[in-house]
Amino acid sequence: MCGIVAAVAQRNVQGILLEGLRRLEYRGYDSAGMSVIDAGALTRKRALGKVAALDAQLAAGALPGHTGIAHTRWATHGKPSEANAHPHHSYEQIAVVHNGIIENYERLKARLEAKGYSFTSETDTEVIAHLMFERIQQGLTLFDATAQIVSELGGAYALGLISTHEPDVVVGARQGSPLVVGVGIDEAFLASDPLALLQVTDRFIYLEEGDVVELRGLGEIRIRDRSGRAVERPVHTFEHGDGAAHKGEYRHFMLKEIFEQPEVIATALEGRLSEEGVLVESFGPEAQALFARARQVHIIACGTSYHAGLVARYWLERYAGVPVQVEVASEYRYRHPVVLDDTLFVTLSQSGETADTLAALRFAKTLGYIGSLAICNVPGSSLVRESDLTLMTRAGPEIGVASTKAFTTQLVALMLLTLAMGKAQGLDDAQRAEQAEIVAALKTLPRVCQKALALDGAIEALSQAFAEKHHALFLGRGAHYPIALEGALKLKEISYIHAEAYPAGELKHGPLALVDSEMPVISVAPNDDLLEKLKSNLQEVRARGGQLFVFAEESIGIRDQQDVRVLGVPVIHESLTPLLYTLPLQLLSYHVAVLKGTDVDQPRNLAKSVTVE
């Protein structure tokens, strides 16, 4: 993995491929490469490092041609190197790019080596190139050969292939890793993300699991499903426009996306609330019946989405009265979960292509859940297509690897789920009044978030205290413990400061041993029924010489002192404080990372969409 771009056109495609790679840089990668067919010959350039290094090679010697493929790689097999970079060739007649992992590549490689094929890389991808060459030598077309060899490949993949035998053809295939077709006028494109192709089209076909697609020079598109039948897939118009792929006035995509949150939160709420409450139908026509029947909820997610699920557990149990289990998708898959009667299965994913979450959904379908709900940001994604109910978060494209607006819109969606389940299961007068208060607060949320973002200058000043630190501790209680987890994750992701989060009540059970003047302690302190207990926990930190950074409502009575820095956060209904307090923690991690001089949008070793285990 990580980024695929391909094109077949009546014009030179080098610039299209290169710009597509630039637009995929946000996904994280360690090398880049391009192969193009020109006058019947296959030529290639590859470079270790950023796309700029490949651009420099192309400036020194262009790769003109009407058919080509390109790739940014995030190492899975073999260290980052030019030899391991994609595309991979076979006898300078076949070129392939690949996202994912071929789990049975060693067996395939041994078989090919026994036939005399030699390998020049350490990757699993090179076996695909040689398998294709073998089939082409037998007289198969590129389309037919691809459809045949995918049955031999185990694991997850998205493929792009070209061949000198058919110089005006690009072929793609997907299994467990996303791939889209860009529909042009007398030209066609392939990519792992529509953002890569917004320079040339806003019309896309989202390939489904097992699909193989052939693109021809005049824009002809043919698709076969996993059974080999010819199928047509709908063409979707991309909603967000090309501006989503540009930073505008902001220094980094992450900062832009932090400041987009009031707008995208308003979009996430639009059309889903009435004067009386949430519109249960927003989740789909079967939602009312499923939510009324559900007696338990299982939430499955990874990373930041998992933290959103942890917040939802507090919400669903308190406001809807439904017991909840939240689990990391990669762990859920490999145990033997006990599913009680009338349990609803909920998945959270920004991309809808997260490998572990998708696999968990498919596993769950064998276990007797009453239905599945996907909360996701990508309408055409696998998770959305394979779930019974869906609620789109409407965050728009998120380019920064560290999630910001995708997380907060997930929280909005989960609060809507909480209200919808409570409503479907029946409310007494007190619960109806409480729901009305939360709905009213949701309608003010974008404006209050705007106020929280106005703290940016104060948080930037606060971040100076972290410039020389190597560790940090985050504390929260109740539904703010997951927010502390998310704050710690953001700081470690982009500033590379080691950060951990604990429930504040756990301080005495170990973490307190770490507290000294070199360990900054960050706490979220909303004015709720756990506040007094949290204040006691903070005193324990002060007594050990720790330096406290407290995000709190001004009314709670914590004031700046020599070893205590307090930042006042706007007031909102108690239920929504986890969402609101996320914003200043995002800004803190951003400004600390800028001070540290790290790559904010593309932190080392990380990819935006994790489409392999």
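Read-outs: derived from the displayed coordinates by stated rules, not from any lab. Being a predicted model, the structure only gives us computed values, none of them experimental. Backbone-built Cβ (ideal geometry, glycine too); neighbour counts: all protein chains shown.
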Practice task
Can you tell me the FRET efficiency between F119 and D186 if r is taken as the Cβ-Cβ distance and R0 is 35 Å, rounded to the nearest 0.05?
Solution key: 0.40
Exercise for the section: Take every Cα pair under 8 Å in region 253-448 that's 6+ residues apart, average their separations, divide by the length, and report that relative contact order as a whole percent. Expected result: 31
Practice task
State the answer as a single residue: which of M34, G210, G396 lies farthest towards the positive end of the charge dipole of the chain, with beta carbon charges of +1 for Lys and Arg and -1 for Asp and Glu, about the Cα centre.
Solution key: M34
Exercise for the section: Using the Cα centre as the reference, give the magnitude of the dipole from point charges on the C-beta atoms of region 2-245 (Lys, Arg: +1; Asp, Glu: -1; all else neutral), rounded to the nearest 20 debye. Expected result: 300
Practice task
Before anything else, pin down the relative contact order of the chain: Cα pairs under 8 Å, at least 6 apart, normalised by residue count, whole percent.
Solution key: 12
Exercise for the section: Go through 139-150, 347-358 and give me the packing order, highest mean Cβ count within 10 Å leading. Expected result: 347-358, 139-150
Exercise for the section: Could you rank the peptides 222-233, 100-111, 373-384, 592-603 by their average count of other C-beta atoms within 10 Å per residue, with the highest value first? Expected result: 373-384, 592-603, 100-111, 222-233
Practice task
Can you tell me how much longer the chain between E437 and A56 gets when fully stretched, taken as 0.36 nm per residue apart minus their C-alpha distance, in nm with one decimal?
Solution key: 131.3 nm
Exercise for the section: Sticking with the crude label model, points 7 Å out along Cα→Cβ, report the distance from A430 to E331 in nm, one decimal please. Expected result: 3.4
Exercise for the section: Indicate the gyration tensor shape class of region 310-447 (rounded, prolate or oblate), computed on the Cα atoms with a ≥ b ≥ c the square roots of the eigenvalues: a/c under 1.5 is rounded; otherwise a/b larger than b/c is prolate and the rest oblate. Expected result: oblate
Practice task
Could I have the simple spin-label model distance between E232 and N104, label points 7 Å from Cα toward Cβ, reported in nm to one decimal?
Solution key: 3.5
Exercise for the section: Answer with one residue from I16, A552, L63: the one whose Cα lies farthest towards the positive end of the charge dipole of the chain, charges on Cβ with Lys, Arg +1 and Asp, Glu -1. Expected result: L63
Exercise for the section: Mind giving me the nanometre distance, one decimal, between the label points for L279 and L606, set 7 Å out from Cα along Cα→Cβ? Expected result: 3.5
Practice task
Can you tell me which of 45-58, 79-92, 204-217, 170-183 comes out highest on packing, and rank the rest after it, using the mean Cβ neighbours within 10 Å?
Solution key: 170-183, 204-217, 79-92, 45-58
Practice task
Please report, to two decimal places, log10 I(q)/I(0) for the chain at q = 0.09, 0.12 Å⁻¹ as given by the Debye formula with identical point scatterers on the Cα atoms and no solvent.
Solution key: -0.74, -1.19
Exercise for the section: Please give the contour-minus-distance gain from Q137 to E92: 0.36 nm per residue of separation, less the Cα-Cα distance, rounded to one decimal in nm. Expected result: 14.9 nm
Fill in the blank from the handout: The size of the Cβ-based charge dipole (Lys, Arg +1; Asp, Glu -1) of the chain about the Cα centre, to the nearest 20 debye, is 640
Exercise for the section: Please give the calculated 222 nm ellipticity per residue for the chain, where each DSSP H segment of at least 4 residues contributes -39500 (n - 2.57) and the sum is spread over every residue; nearest 500 deg cm²/dmol? Expected result: -10500 deg cm²/dmol
Handout entry: Euclidean distance between Cα centres, region 306-343 to region 73-100, Å
Key = 39
